[in-house]
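The values are calculated or read from the model by the stated rules, or taken from the named source; none is laboratory data. None of these values were measured; they are calculated from a predicted model. A quick note on method: Cβ atoms are made from the backbone with ideal geometry, for glycine too, and the neighbour counts reach across all protein chains shown. Side chains are part of the model used for accessible areas, which takes the heavy atoms of the whole protein and leaves out ligands, DNA and RNA. Shrake-Rupley method; radii C 1.70, N 1.55, O 1.52, S 1.80 Å.
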Amino acid sequence: MDNSQNTYNASDIQVLEGLEAVRKRPGMYIGSTGPRGLHHLVFEIVDNSIDESVDGYCDSIFVTIHKDNSVTVSDNGRGIPVDTHPMAGIPAVEVILTTLHSGGKFGGSNYSTSGGLHGVGLSAVNALSSQMSIIIKREGRIYKQIYEKGVPVSKLEEIGETNDTGTIIHFIPDETIFDTIVFENPIIIQRLRELSFLNKNITIHFEDEREELIKKLHYAEGLIDFVKYVNKNKEIINDNIIYFDTKKEDIIVEVAIQYNGGYSENLYSFANNIRTQEGGTHEVGFKNGLTRIVNEYARKNGFLKENEANLTGEDIREGMVGIISVLVKEPQFEGQTKTKLGNMYIRGIVEGAVFENVDNFLNENPPIARKILEKAISARRAREAAKKARELTRRKSALESTSLPGKLADCSNKDPAESELFIVEGDSAGGSAKDGRDRNSQAILPLKGKILNVQRARLDKVLTNEEIKAMITAIGAGIDDDFDIKKARYHKIFIMTDADVDGSHIRVLLLTFFYRYMRELIEEGYIYIAQPPLFGLKRGNEIHYFQEEDKLNDFINASDKKWTIQRYKGLGEMNPEQLWDTTMNPDNRTILQVTINDAIAADAIFSDLMGENVEPRKEFIQENAKFASNLDI
Ligand code: 0RA
């Protein structure tokens with residue numbers, strides 16, 4: 001064999017083209033070149049180790065972030081095969097590390113994670129690493145190979161002997177590809193913890209050498225530990241957790257359910273260890289099965305009378321934390337983010353399994369069954385009350401459509417496209433805004449702080465709140481099902497609150513409200529956050545305003561004059577002219593249009609404020625909640 005000459009053949013060229021494609025369009029393969037994409041590199045490798053554990057070959061994974069932001073992932077699986085690949089004529093590991101979509105395994109794993117955003121393969125990680133080295137322990141020997149930007153720079157070498165098996169991968173993310181290569185350990189720990197919950201046989205050792213942080217993640221009770229974790233610090237309805245683990249027609253279904261005293265529903269679904277954010281057939285099966293059996297039990301045991309309607313799925317899931325994890329041979333991932341399980345036959349299998357197992361549980365635990373039913377029945381009562389409240393508001397707003405709320409200082413222009421509504425925190429700021437505004441195009445609706453008190457209430461209560469009712473009438477387009485954006489009296493609606501914690505609470509509440517009851521306003525881009533300045537620099541009659549401390553300092557440093565710094569905590573500290581100049585005058589104000597993601601994040605924060613603090617949502621909130629900077633979550 002002649003190793004001295006490296007001649008390119010057709011398959012080499014294909015490999016180089018493949019790697020080049022990944023480096024040219026990394027977003028296509030790992031979602032983004034931001035923090036999400038960067039962290040995805042780690043998850044991609046760990047998923048391969050998890051595949052080994054799902055198949056029963058691996059029970060230990062080590063993940064280490066080094067000081068230089070390189071990462072090592074090692075496992076005690078079988079080790080990536082090293083034998084010469086019959087078609088390519090090179091070691092199998094080299095094929096796996098350089099061929100796109102090889103998915104790691106050639107018919108290897110039964111329940112491989114490949115699919116969705118995951119499963120782009122180790123080759124994508126390799127291509128996006130300035131260096132990757134791999135050590136394999138297999139069949140008594142230790143092998144090593146090094147790559148740069150996906151291209152092998154050494155041959156697979158034998159470097160020693162061993163009785164162990166496993167794979168050790170060390171990689172340095174390519175700085176020229178990623179916006180940042182600084183790993184954030186909370187993001188990694190969150191996913192590793194989730195994987196440990198989902199795979200109770202695995203122990204994941206995490207170490208961040210940058211801050212000497214070490215964590216050992218092992219949850220012997222799997223999904224039971226998962227629901228307990230989500231429900232920690234909550235009032236618990238059933239200490240005895242509804243749990244089952246069953247295999248039907250090659251599909252493994254595992255479910256855990258625990259109710260808490262709260263009002264929100266938290267269903268986390270997974271398919272082959274991938275979080276199915278968009279749901280899918282396993283979720284539908286879960287919901288159908290649960291709704292059917294709880295209603296059946298309720299009828300059999302006299303909780304529902306003959307003439308009473310069934311409880312709805314939502315009634316039954318109020319306060320529920322449910323985790324469903326399925327392992328499927330050939331998962332189909334669909335949806336916008338490829339996180340929706342599509343295989344149709346899974347629905348019936350999961351529905352049957354949930355029906356049967358929850359049936360057993362309820363029959364064996366009558367006191368818990370009673371508590372769950374009482375909770376569902378009270379949820380139904382609240383739902384009906386909310387519906388009545390909505391209808392009342394609707395009817396009222398229809399009757400009183402000409403009588404606008406007394407607190408509203410409306411604008412004289414009647415063309416919605418030219419009209420702006422400022423929802424202002426507090427009567428005193430409301431007063432300044434009224435005096436400072438352009439009366440033709442700007443309307444002011446002051447809100448009392450009282451709106452804060454409804455923060456911990458169910459939304460049906462929120463709807464009876466006077467301040468909220470005033471807002472509904474002022475906007476004039478109804479709410480919920482009969483919201484009609486064409487009737488909106490303003491095409492720009494500004495939320496103007498103080499730059500403190502109360503202010504950001506009110507902002508979150510209002511956004512949650514718009515998101516849940518007037519979503520089109522957000523979708524059409526009608527909702528804005530006003531941006532009053534936080535600082536003023538004064539010298540005689542001269543004044544400059546700033547929103548950011550950095551900009552303020554830059555200005556001071558660039559100036560040889562002496563300035564007095566004013567720090568505005570509340571809108572009330574500004575007089576009408578100042579408020580107009582800085583925040584309301586369309587010619588020089590800065591405004592922030594609310595996106596649907598902002599609103600979803602607000603909705604999640606709202607739930608958190610109500611005590612439903614759920615770890616996995618935090619990442620999303622932190623990434624999206626630009627308006628929530630004052631909120632300590
Ligand atoms: C291909 C085939 C087999 C295992 C693996 C890949 C594998 C990949 C990774 C990535 C990280 N750790 C890993 N461990 C294993 C099956 C090997 C066999 O059949 O013996």
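Does THR167 count as in contact with a Lys or Arg (Cβ under 7 Å, 6 or more places away or on another chain), at pLDDT 95 or above and buried (at least 16 other Cβ atoms within 10 Å of the Cβ)? Talk me through it step by step, then tell me what you get.
Numbers: in contact with a Lys or Arg (Cβ under 7 Å, 6 or more places away or on another chain): no; at pLDDT 95 or above: yes; buried (at least 16 other Cβ atoms within 10 Å of the Cβ): yes.
No, not satisfied.
Quick one: which residue in SER109, SER70, SER102 is under 33 Å from the mean Cα position of the chain (by Cα), modelled with pLDDT of 90 or more and not hydrophobic (A, V, I, L, M, F, W, C)? Talk me through it step by step, then tell me what you get.
Details: SER109 fails: modelled with pLDDT of 90 or more; SER102 fails: modelled with pLDDT of 90 or more.
Of SER109, SER70, SER102, the one residue that is under 33 Å from the mean Cα position of the chain (by Cα), modelled with pLDDT of 90 or more and not hydrophobic (A, V, I, L, M, F, W, C) is SER70.
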Can you name every residue in segment 170-187 that is more than 30 Å from GLU254 (Cβ to Cβ), open to solvent by 30 Å² or more (accessible area, probe 1.4 Å) and not in a loop (DSSP other than H, G, I, E, B)? HIS170, ILE172
Take TYR345 and decide whether it is aromatic (Phe, Trp, Tyr) and more than 17 Å from LEU223 (Cβ to Cβ). yes
Among the listed residues ASP587, ASP550, identify the single one that is loosely packed, with under 15 Cβ neighbours inside 10 Å and in a loop (DSSP other than H, G, I, E, B). ASP587
In segment 342-355, which residues are exposed (fewer than 14 other Cβ atoms within 10 Å of the Cβ) and not in a loop (DSSP other than H, G, I, E, B)? TYR345
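Please pick out the residue among GLY431, GLY449 that is modelled with pLDDT of 75 or more and more than 21 Å from TYR526 (Cβ to Cβ).
Working: GLY449 fails: modelled with pLDDT of 75 or more.
Being modelled with pLDDT of 75 or more and more than 21 Å from TYR526 (Cβ to Cβ) holds for just one of GLY431, GLY449, which is GLY431.
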Of all residues being touching a Ser or Thr at 6+ places or on another chain (Cβ under 6 Å) and open to solvent by 10 Å² or more (accessible area, probe 1.4 Å) in segment 242-296, which is nearest to VAL462 (Cα to Cα)? Just the residue, please. SER264
Complete set of residues in segment 129-153 that are in contact with a Lys or Arg (Cβ under 8 Å, 6 or more places away or on another chain) and outside any strand (DSSP E or B): LYS149, GLY150
Top-ranked residue in segment 386-404 [being within 20 Å of ASP480 (Cα to Cα) and not in a helix (DSSP H, G or I); ranked as modelled with the highest pLDDT]: LEU404
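Results for (1) open to solvent by 20 Å² or more (accessible area, probe 1.4 Å); (2) touching a Gly at 6+ places or on another chain (Cβ under 9 Å), shown as yes or no for each residue.
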{"residue": "ALA477", "(1), (2)": "no, no"}
{"residue": "PHE494", "(1), (2)": "no, no"}
{"residue": "ALA499", "(1), (2)": "yes, yes"}
{"residue": "GLN531", "(1), (2)": "yes, no"}
{"residue": "LEU534", "(1), (2)": "yes, no"}
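Output the residue which, of all residues in segment 68-102 that are part of a loop (DSSP other than H, G, I, E, B) and of a type in the set (Asp, Glu), is farthest from the ligand (Cβ to nearest atom). If you could, list the steps in order and put the result at the bottom.
Start the filter on segment 68-102 by keeping residues that are part of a loop (DSSP other than H, G, I, E, B), which leaves 68-70, 76-83, 85-90, 99-102.
Those left that are additionally of a type in the set (Asp, Glu): 68, 83.
On the way: ASP68: 22, ASP83: 10 Å.
Here the residue is ASP68.
Give the number of residues within segment 136-145 that are surrounded by fewer than 20 Cβ atoms within 10 Å (Cβ to Cβ) and within 23 Å of GLY121 (Cα to Cα).
2
So that you can scan it fast, the table gives a plain yes or no per residue for (1) open to solvent by 20 Å² or more (accessible area, probe 1.4 Å); (2) farther than 19 Å from ALA92 by Cβ:
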position	(1), (2)
TYR147	no, no
GLU161	yes, yes
ILE189	no, yes
GLU209	yes, yes
LYS215	yes, yes
Within segment 229-305, which strands (runs of 3 or more DSSP E) (wholly inside it) include 3 or more residues that are touching a strand residue (DSSP E or B) at 6+ places or on another chain (Cβ under 9 Å), modelled with pLDDT of 95 or more and of a type in the set (A, V, I, L, M)? 251-259
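Would you mind listing the helices (runs of 4 or more DSSP H) fully within segment 445-537 where at least 2 residues are hydroxyl-bearing (Ser, Thr, Tyr)? Quick ask: steps written out before the conclusion?
Values: elements: 459-462, 466-475, 501-517, 519-523.
Passing ranges, in order: 501-517.
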Condition (residue is in contact (Cβ under 8 Å) with a residue 40 or more places away in the chain, polar (S, T, N, Q) and away from the ligand (no atom under 12 Å from the Cβ)) applied to segment 47-63: is it met by at least one residue? no
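Could we say that PHE178 is away from the ligand (no atom under 16 Å from the Cβ) and in contact with a strand residue (DSSP E or B) (Cβ under 8 Å, 6 or more places away or on another chain) here? Break it down into steps so the answer makes sense when it comes.
Numbers: away from the ligand (no atom under 16 Å from the Cβ): yes; in contact with a strand residue (DSSP E or B) (Cβ under 8 Å, 6 or more places away or on another chain): no.
No; evaluated as a whole, the condition is false for this residue.
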